[in-house]
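Take a look at the structure below.
All of the numbers you see were taken from the coordinates with simple rules; none came from a lab. Since the structure is predicted, the reported quantities are computational estimates derived from the model, not experimental observations. Glycine also receives a Cβ, built like all others from the backbone with ideal geometry; neighbour counts cover every protein chain displayed.
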Amino acid sequence: MLGKFFKKPDEEQSDRVPPGQYLTKGFPVLTYGQTPQIKTEDWQFKVWGLVKSATFTWSDFMALPQHEFTADFHCVTRWSKLDVKWKGIKVTDFMKLIEVDPKAVHVMEHCYGGYTTNISMSDFVREENFFAHTVFDEPLPAEHGGPMRTVIPHIYAWKSAKWINGLEFLPREELGFWERNGYHSRGEPWAEERYS
Ligand SMILES: Nc1nc2c(c(=O)[nH]1)N[C@H]1C(S)=C(S)[C@@H](COP(=O)(O)O)O[C@H]1N2
Ligand SMILES: [Mo]
């Protein structure tokens, strides 16, 4: 697997690369199943569960503050990509639009195509987490989750849901797709929380 595209981090970068990860300069696509093709005008985003149910459109998201951010991206299959340049909406800004019941402790991210991934409220509602629609100054390509995905930099990338279309607020932890299939429920890369 090492060679042209994957290399061991040099010293300057090694403190940014979690244990057992290799750097890639490319941007691999990791998708289970088909790639949904969703136009921004058709895109809808719902919240339900322990929250006042609501539906949002693309323009609702575009009306929120837009930020650029740079983050490292770690896939549990052992590739890491440093300094990915994204643009999007902070999760914390979106949360101001909805009324979540304080009893909600967990969130299920739902996607077009049926993928799900679970995350605790405390891992989800963080200043550095984003809904991203742009990568390296281009509209997010469909294979990377366009038109909209989440980016959760401090957790392995399977929690960064591509083609996101909803959040379900939960009173207790439930497992998403990969978490039911052997991945760790939290997935913190520095602790190598890879598999359960
Ligand atoms: N909807 C959806 N989101 C997903 C996935 C997927 O298969 N479907 N794969 C996950 C995994 S395992 C990784 S590593 C990242 C990969 O993102 P990329 O394809 O943009 O590199 O997306 C995550 N989000
Ligand atoms: Mo992954």
Here, the chain modelled as identical Cα point scatterers in vacuum has Debye log10 I(q)/I(0) at q = 0.13, 0.14, 0.19 Å⁻¹ of -0.67, -0.79, -1.46
Rounded to whole Å, √(5λ) for the Cα gyration tensor eigenvalues of segment 60-116, largest first, gives 24, 19, 12
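Report, in listed order, any pair from K25/K159; K25/K46; K7/K90; K96/K162; K46/K159 with a Cα-Cα distance greater than 28 Å. Before the final figure, lay out the partial values.
Details: K25/K159 21 Å; K25/K46 35 Å; K7/K90 32 Å; K96/K162 22 Å; K46/K159 18 Å.
From K25/K159; K25/K46; K7/K90; K96/K162; K46/K159, over 28 Å: K25/K46; K7/K90.
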For segment 42-139 the chymotrypsin sites (Phe, Trp or Tyr not before Pro) that pass both the DSSP coil test and the at-most-16 other-Cβ-within-10 Å test are F136
From fewest to most C-beta neighbours within 10 Å, the residues C111, C75 line up as C75, C111
Restricted to the chain, the DSSP antiparallel beta bridge percent, nearest 5, is 85
The relative contact order of segment 59-150, taking Cα pairs under 8 Å that sit 6 or more residues apart, comes to a percentage of 25
Taking alpha-carbon centroids only, segment 139-188 lies from segment 79-102 a number of Å equal to 12
Cα-based Rg/(2.2 N^0.38 Å) for segment 83-136, rounded to two decimals, is 1.24
To the nearest 20 debye, the chain has a Cα-centred charge dipole, built from +1 on Lys and Arg Cβ and -1 on Asp and Glu Cβ, of 380
Restricting to Cα pairs under 8 Å and 6 or more apart, the percent relative contact order of the chain works out to 23
Looking only at aspartates and glutamates whose Cα falls under 18 Å of K85's and that sit 8 or more positions away or on another chain, we get E68, D72, E127, E128, D137, E138, E143
Loop-resident trypsin sites (Lys or Arg not before Pro) in segment 65-97 with no more than 15 other Cβ atoms inside 10 Å, DSSP not H/G/I/E/B, are R78, K96
A convex hull over the alpha carbons of segment 1-95 yields, per residue, a volume in Å³ of 168
Note to self, the chain gives a 222 nm [θ] from helices alone (DSSP H runs n ≥ 4, -39500 (n - 2.57) apiece, / all residues, nearest 500) of -2000 deg cm²/dmol
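Considering only DSSP states other than H, G, I, E and B, which trypsin sites (Lys or Arg not before Pro) in segment 148-185 qualify as loop sites with at most 12 other Cβ atoms within 10 Å?
Numbers: sites: R149, K159, K162, R172, R180; in loops: K162, R172.
Within segment 148-185, the qualifying trypsin sites (Lys or Arg not before Pro) (loop, at most 12 other Cβ atoms within 10 Å) are R172.
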